Amino acid sequence: MRAIPVASVALLGVAALSACVPAGAAVGGHDSTFGFTVTPATVAPGDEVTLGVSRSDAGCRGRVTVTSPVFDTVTIPRDDYSATARVHHDARRGAVYQVTFACRHRTGTADLTIAGGSHHWTPESQHPKGVHAGEGGSVAGLDVKQLGLGATLVAGSVGVAYHLSRRRSGEDGA
């Protein structure tokens, strides 16, 4: 009879831990041969996008030229990982534009979507709004405090579940 509560606690612990794994950890690889990013993937006309390139062993080691019909040509120097580009104010809303990254003899592409809706460009729209987000664990690295707190919360919940299952079985037997 003890095997059922122990098995359910173990399954709950495994489910909690698997829910903590980031989606990017399950999928390997990059969109291109040298790993590039366009952030955000959807942007309003007149706003900025960040163009990034991986400088890892499989990444591009030289200068990267980034072109698109929706912004001026941008060059990422060989010692940098990213650059910004301002989307033209006359970009067609709802359209998807191709962004091309060229590094020596290798090229890769990504799509950039222009947000639809009734947003009208104003001088205030040039300024960044909100927080910088989207790096997550892929770029920002590991935070030992957060990992420890997460492990403590999972262990605590497993302990409470085990304690409650033991207390119930003791009351039922009396």
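Worth a mention:
- Residues whose placed amide H lies under 5 Å from that of Ala95, excluding near-sequence neighbours: Ile114
- Ligands, DNA and RNA excluded, the heavy atoms of Thr107 present near 100 Å² of accessible surface to a 1.4 Å solvent probe.
- Modelled spin-label separation between Leu153 and Ala95, with each label point placed 7 Å from Cα along the Cα-to-Cβ direction: 4.4 nm.
- Rounded percent of accessible protein surface that carbon and sulfur make up, the range 34-96, 1.4 Å probe: 46
- For the range 92-100, putting each phi into the Karplus relation 6.51 cos²θ - 1.76 cosθ + 1.60 with θ = phi - 60° gives couplings of 6, 5, x, 7, 10, 10, 8, 10, 10 Hz, in residue order, rounded to whole numbers and with x for Gly and Pro.
- Sequence of Asp90, Asp72, Asp80 when ordered by accessible area, the most exposed leading, probe 1.4 angstrom: Asp90, Asp72, Asp80
- Surface accessible to a 1.4 Å probe, Tyr81 within the full protein complex, Å²: 140
- Taking all protein chains together and rolling a 1.4 Å probe, Leu112 ends up with roughly 0 Å² accessible.
The values are calculated or read from the model by the stated rules, or taken from the named source; none is laboratory data. Since we're looking at a predicted model, the values are computed, not measured. Note that we place each Cβ from the backbone using ideal geometry, even for glycine, and neighbour counts take in every protein chain shown. Accessible surface areas use protein heavy atoms only, side chains included; no ligands, DNA or RNA. Shrake-Rupley method; radii C 1.70, N 1.55, O 1.52, S 1.80 Å.
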